[in-house]
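A.B. asks: First the structure, which I've put down as structure tokens, then a few questions once you've had a look.
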Amino acid sequence: MYPVDLHMHTVASTHAYSTLRDYVLQAQTCGVKLLAITDHGPDMADAPHYWHFVNMKIWPRVIDGIGVLRGIEANIKNLQGEIDCSGPMLGSIDIIVAGFHEPVFPPQDEATHTEAMIAAMAGGLVHIISHPGNPNYPIDIRAVAEAAAKYDVALELNNSSFTTSRKGSEPNCRKVAEAVRDAGGRIALGSDSHTAFTLGQFDHCLRIMQEVDFPQDRVLNVTPRRLLDFLEMRTGKKIAEFAEF
Ligand SMILES: [Zn+2]
Ligand SMILES: [Zn+2]
């Protein structure tokens with residue numbers, strides 16, 4: 001059990017069904033202490049308007065003892081690695097997850113996916129790449145893991161990739177974990193919950209990490225402090241309300 005979940009969607013992405021309050025209530029029962037709400041970036045059809053992200057600055061930082069990070073699952077838009085998180089959104093968002101989604105970046109070929117993903121990491125805004133094991137977007141896993149280590153971007157193990165989404169991800173996810181282990185990079189775990197009931201569920205991710213003997217000291221979710229230190233190191237910004245976490 002890890003007390004940090006870094007990937008979930010609320011009713012603001014209309015194919016998801018829980019609210020910020022639902023996630024906080026679930027966190028209190030399942031042992032999650034720090035969570036990041038990561039609704040889809042505005043280029044997705046079911047995503048909120050970009051004002052949604054700008055206005056997240058009005059959220060309480062800590063709700064009933066649970067730390068809440070203002071996040072986004074942005075879209076990698078093109079070969080230049082641009083993402084749909086920019087301008088005034090950047091002033092309100094704590095954590096940027098980014099990945100490929102079919103409506104924004106139709107699948108092409110391995111060389112194109114690899115170049116776009118590495119460019120997104122090199123851009124300096126992205127903290128975590130979501131579901132890099134998606135079989136619809138083959139990548140040069142070793143090259144991506146080496147770039148991720150170089151730019152200090154975590155690659156995600158996404159628990160939903162083993163249950164409800166992106167069928168056939170498992171062999172790729174195992175290769176991602178091995179490549180990140182060998183490149184000296186970091187792994188981030190995300191439940192990718194679309195209802196609060198799966199918050200903090202990482203059983204398949206844990207199994208993969210065990211299989212490849214992934215070092216615990218390079219998993220961002222082990223403690224809230226570890227994740228917050230990573231974000232502070234990447235952004236140069238300290239969030240005062242999380243000093244006690
Ligand atoms: Zn996604
Ligand atoms: Zn997602």
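Every number here is computed from the coordinates shown, using simple stated rules; none is lab data. These numbers come from a predicted model, not from an experiment. Cβ sites come from the backbone with ideal geometry, for glycine too, and all protein chains shown count toward neighbours.
A.B. asks: Restricting to DSSP H runs of at least four residues, report the calculated mean residue ellipticity at 222 nm for the chain, -39500 (n - 2.57) per run over all residues, nearest 500 deg cm²/dmol.
C.D. replies: Only helices count here, giving -9000 deg cm²/dmol.
A.B. asks: Something else: Tell me, what HN-Hα J-couplings in whole Hz come from the Karplus equation 6.51 cos²θ - 1.76 cosθ + 1.60 at θ = phi - 60° for each residue of the stretch 13-24, using x for Gly and Pro?
C.D. replies: These are the phi-based 3J(HN,Hα) values: 9, 6, 8, 10, 9, 10, 9, 3, 4, 4, 5, 5 Hz.
A.B. asks: In Å and on Cα atoms, what radius of gyration and Dmax does the stretch 22-112 show?
C.D. replies: 14.9, 46
A.B. asks: For the stretch 154-245, max minus min Cα coordinate along each principal axis, in Å, sorted largest first?
C.D. replies: 41, 34, 19
A.B. asks: Then there is this: May I ask you to evaluate 6.51 cos²θ - 1.76 cosθ + 1.60, the Karplus curve with θ = phi - 60°, for each residue of the stretch 180-195 and list the ³J(HN,Hα) values in order in whole Hz, giving x for glycine and proline?
C.D. replies: Each residue of the stretch 180-195 in turn: 5, 4, 6, 7, x, x, 10, 10, 10, 9, x, 7, 6, 5, 10, 9 Hz.
A.B. asks: Amide H of Asn221: which non-local residues (sequence gap of 5 or more, or other chain) have their own amide H closer than 5 Å, using H built in the peptide plane?
C.D. replies: Leu189
A.B. asks: Enumerate the calculated ³J(HN,Hα) couplings along the stretch 47-59 in order (Karplus 6.51 cos²θ - 1.76 cosθ + 1.60, θ = phi - 60°), each rounded to whole Hz, writing x wherever the residue is Gly or Pro.
C.D. replies: 8, x, 4, 5, 4, 3, 6, 4, 7, 4, 4, 7, 5
A.B. asks: For the stretch 200-233 and the stretch 30-107, what is the separation of their Cα centres, given in Å?
C.D. replies: A separation of 20 Å, based on Cα centres.
A.B. asks: With a sphere of radius 13 Å drawn around the Cβ of Cys85, what net charge do the other residues whose Cβ falls strictly inside it have (Lys, Arg +1; Asp, Glu -1)?
C.D. replies: In short, -4.
A.B. asks: Give me Rg over Rh for the chain, both radii from the alpha carbons and Rh done the Kirkwood way, two decimal places.
C.D. replies: Using Cα coordinates only, the ratio equals 0.92.
A.B. asks: Give me the dipole magnitude in Debye, nearest 20, for the chain about the Cα centre, with unit charges on the beta carbon: positive for Lys and Arg, negative for Asp and Glu.
C.D. replies: My answer is approximately 500 debye.
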